[in-house]
Amino acid sequence: MIELKTPFDQKEINNLRAGDIVNITGTLYTARDAAHKKMCSSIENGEKLAFNPQGQGIYYVGPSPAKPGEVIGSAGPTTSYRMDDLTIPLLEKGLKVMIGKGKRSKSVIEGMKTYGAVYLVAIGGAGAYISNCIKECEVIDYEDLGAEALRRLEVENMTLTVCIDSQGNNLYEK
């Protein structure tokens, strides 16, 4: 198991290989397709984002509402290909980690190789289990999007698998 802390170090990202198991502790951001559209529009218009993507990770999730006394509801991964047309601008801004489920397009994989990023997968259907790793959750932008709002999460020991590494090695093709 490889321990990773955020923000992510480029050397550590470059050393990850498809199939490695990682344990993340630190800050992650959440965004799905609606938030990605808004972020890409902001980037195109030269506007500042609610967070600096440099060295950061985005978890593709739209969590369910938290029950009383809980930080977050079920937080299972969303199918990642829905963000493929909206990923390159964030990679260009320094995004290093994407977390979701399912395959990625060739253009995203090429972008990962160009900008030194990795794609990690979480187990679909394990949202309740994953939510146990989330210690804090705060909406930081696009509150109008509800479950798809941009959030800052503080996670401890979030266990994931490197599916596509920064050299383009892909578990789905092995």
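The values are calculated or read from the model by the stated rules, or taken from the named source; none is laboratory data. Not measured: the values here are computed from a predicted model. FYI the Cβ positions are ideal-geometry reconstructions off the backbone, even for glycines, and counts take in every protein chain you see.
Among the residues of region 39-56, is any buried (at least 21 other Cβ atoms within 10 Å of the Cβ), of a type outside the set (Asp, Glu), under 13 Å from Asp141 (Cβ atoms) and modelled with pLDDT of 95 or more? Yes; the residues of region 39-56 include at least one that is buried (at least 21 other Cβ atoms within 10 Å of the Cβ), of a type outside the set (Asp, Glu), under 13 Å from Asp141 (Cβ atoms) and modelled with pLDDT of 95 or more.
Identify, please: which residue in region 107-142 is hydrophobic (A, V, I, L, M, F, W, C), in contact (Cβ under 8 Å) with a residue 60 or more places away in the chain and in a strand (DSSP E or B) and is, among those, surrounded by the fewest Cβ atoms within 10 Å (Cβ to Cβ)? Ranking the candidates gives Ile140 first.
Checked against the criterion of being of a type in the set (Lys, Arg), surrounded by 16 or more Cβ atoms within 10 Å (Cβ to Cβ) and assigned to a loop (DSSP other than H, G, I, E, B), region 17-24 contains not a single residue that satisfies it.
So that you can scan it fast, the table gives a plain yes or no per residue for (1) of a type in the set (Ser, Thr, Tyr); (2) out of contact with any His (no Cβ under 7 Å at 6 or more places or on another chain); (3) farther than 22 Å from Met39 by Cβ:
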position	(1), (2), (3)
Ser107	yes, yes, no
Ala126	no, yes, yes
Ile140	no, yes, no
Gly146	no, yes, no
Leu150	no, yes, no
Asn157	no, yes, yes
Asn169	no, yes, yes
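Total residues in region 78-106 satisfying the condition of being of a type in the set (Lys, Arg), touching a residue at least 24 places away in the same chain (Cβ under 8 Å) and part of a helix (DSSP H, G or I): the figure is 1. Among the residues of region 105-142, the one identified as among the basic types (Lys, Arg) and in contact with a strand residue (DSSP E or B) (Cβ under 6 Å, 6 or more places away or on another chain) is Lys135.
Only a single criterion out of (1) touching a residue at least 24 places away in the same chain (Cβ under 8 Å); (2) of a type outside the set (Lys, Arg); (3) within 16 Å of Leu150 (Cα to Cα); (4) not in a strand (DSSP E or B) is not satisfied by Leu28, namely (4). Restricted to region 1-15, and to residues there that are in contact (Cβ under 8 Å) with a residue 40 or more places away in the chain and among the β-branched types (Val, Ile, Thr), the residue that is surrounded by the most Cβ atoms within 10 Å (Cβ to Cβ) is Ile13.
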